[in-house]
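Q: One structure is given below, represented as structure tokens, and several questions about it will come after.
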Amino acid sequence: MIEIQAVTQRFKSGSGTVDAVRNVDLSIRKGEVFGIIGRSGAGKSTLVRTINMLNRPTSGNIILDGKDMTTLSADDLREARRHIGMIFQHFNLLSSRTVYNNIALPLELAGLSKAEIAKKVTPLLELVGLTALKDRYPAQISGGQKQRVGIARALANEPKVLLSDEATSALDPETTRSILELLRKINKELGLTIVLITHQMEVIKVICDRVAVMEAGQVIEQGEVLDVFREPKHEVTRALIGDVIAHELPKGVLARLRARLANNDGDPNKGTDHLFRFAFTGSGVDQPHLSEAVRRYNLDFNILHGQIDEIQGQAFGSLAILANGTADNINNAMNYLRAQGVVVEELNHVI
């Protein structure tokens, strides 16, 4: 559906040039919700704006539904943009127009009659739950309702792609959840491809099918959301996930572990204590894999830290444990757990 091929976005600055996006390759499937996450300045918003050519890339290509957006004429680009909706962090509504007329604006610009506009706007008002508020002005509705207006307006031209640039970051948690539920509903009912920019891993966890992590203008990690949560490869990804599911041990726990492992002549690998993180998904959360490993291999497990959550409707659990036993038994137990689908990561290096 969307192919981002070797895209670089370079800007001039007082000290020379800055590559806000550097040689990015991404493939976004039709009908999925694809998240792009990163910290402030990572380049994610700059990247998403190359998809509809609000930012024309310095180099590289954007292929959308088989068309190379970077090679289109001005007229063809205007036509292609009609099939790309966009919603923004700060809503961008016109204060002098009612809810109805804000949604109708792109249809008026497209030259539709009042009857044609009403035929499109009325079901959109129902879709986003604003029928009763259609005659109110932006100043008379809440932030969440304003974002619903923005979403309906973005859908007015029946786009194939919806770009969401930090659309929930100005909203409170409860309103954020309702907007994400609405976007997922739109994705499912309309088959719309959604590209979602955010700095909040909680948003990725709730709604996205796949995710790309950006840092310093580059994609440093990407994959299915559940896989990225289970086995984050990059420290930036671990830090972002840590905002939702704790991946780092509390400082007090680390201090006690260091004191305990100091008895191993300063080398934890010489002793019988080993620190591990386990990640479980799906039915593995409900299975007694740990107790079975303890029984089979004569180990002691001390649970240090843990959490169970849900990602895309699937249970996800993360545990940090201290295992005590012979080296052979610990090795055999970890192999057993891996065979049961548990992701096992040894953490002695953090001590």
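The values are calculated or read from the model by the stated rules, or taken from the named source; none is laboratory data. This is a predicted model, so every value here is computed, not measured. Protein only, heavy atoms only, side chains kept; ligands, DNA and RNA dropped before computing areas. Shrake-Rupley method; radii C 1.70, N 1.55, O 1.52, S 1.80 Å.
Q: Using a Cα-Cα cut-off of under 18 Å, which lysines could be cross-linked to LYS205, ignoring same-chain neighbours fewer than 8 residues away?
A: The qualifying lysines are LYS44, LYS185, LYS188, LYS233.
Q: Looking at the chain only, what percent of DSSP beta bridges run antiparallel? Nearest 5 please.
A: On the way: 46 of 66 bridges.
That works out to approximately 70 percent antiparallel.
Q: Helix 251-261 against the longest principal axis of the chain: what's the angle in degrees, Cα atoms only, rounded to the nearest 10?
A: Compared with the principal axis, the helix lies near 30 degrees.
Q: Round to the nearest 10 and report in Å² the accessible area of THR131, as given by a 1.4 Å probe over the protein chains' heavy atoms.
A: THR131 has an accessible surface of roughly 70 Å² with all protein chains in place.
Q: Probe of 1.4 angstrom, ligands and nucleic acids ignored: what's the accessible area per residue over the chain, in square angstrom? Walk me through the numbers before you get to the answer.
A: Numbers: 16700 Å² over 351 residues.
The answer is 48 Å² per residue.
Q: Where does the chain land at 222 nm, in deg cm²/dmol rounded to the nearest 500, when only DSSP H runs of n ≥ 4 count, each adding -39500 (n - 2.57), divided by all residues?
A: Working: 12 runs with 125 residues, N = 351.
When only DSSP H runs of four or more count, the value is -10500 deg cm²/dmol.
Q: Stokes-Einstein diffusion coefficient for the chain at 10 °C in a medium of 1.306 mPa s, Rh from the Kirkwood formula over Cα pairs: what value in µm²/s? Please list the in-between numbers first.
A: Values: Rh = 22.9 Å.
Stokes-Einstein gives a translational diffusion coefficient of 69 µm²/s.
Q: Same structure again: What are the ³J(HN,Hα) values, in whole Hz, obtained from phi via the Karplus relation 6.51 cos²θ - 1.76 cosθ + 1.60 with θ = phi - 60°, for each residue of segment 106-112 in sequence order, with x given for Gly and Pro?
A: Taking θ as phi minus 60°, the curve returns x, 6, 4, 5, 7, x, 6 Hz for segment 106-112.
Q: For a quick check of understanding: with a 1.4 angstrom probe and all protein chains in place, what accessible area in square angstrom does HIS234 have, to the nearest ten?
A: Rounded to the nearest 10, the figure is 60 Å².
Q: Residue separation times 0.36 nm, minus the C-alpha to C-alpha distance between GLU108 and ASP300: what's the value?
A: Working: separation 192, 0.36 × 192 = 69.12 nm, distance 7.01 nm.
Extra length available between GLU108 and ASP300 comes to 62.1 nm.
Q: Shifting gears a bit: Using modelled backbone amide H atoms (1.01 Å from N, in-plane), which distant-in-sequence or interchain residues come within less than 5 Å of GLY306's amide H?
A: ALA320
Q: While we're here: Regarding segment 106-264, what whole-number volume in Å³ per residue does the convex hull of its Cα atoms give? Provide the component values of the computation, followed by the final result.
A: Numbers: hull volume 24.7 nm³, N = 159.
In segment 106-264, the Cα convex hull volume per residue is 156 Å³.
Q: Quick one: with all protein chains in place, what share of the accessible area of the chain is carbon or sulfur, to the nearest percent (1.4 Å probe)? Could you put the intermediate results ahead of the total?
A: Details: 7670 of 16700 Å².
Percent of accessible area from carbon and sulfur atoms in the chain: 46.
Q: Shifting gears a bit: Per 5 Å bin, what is the whole-percent P(r) computed from every C-alpha pair distance within segment 88-153?
A: All Cα pairs, binned at 5 Å, distribute as 4, 20, 33, 25, 14, 4, 0 percent.
Q: So how exposed is MET69, as accessible area in Å² (1.4 Å probe, rounded to 10)?
A: Near enough 0 Å² of accessible area.
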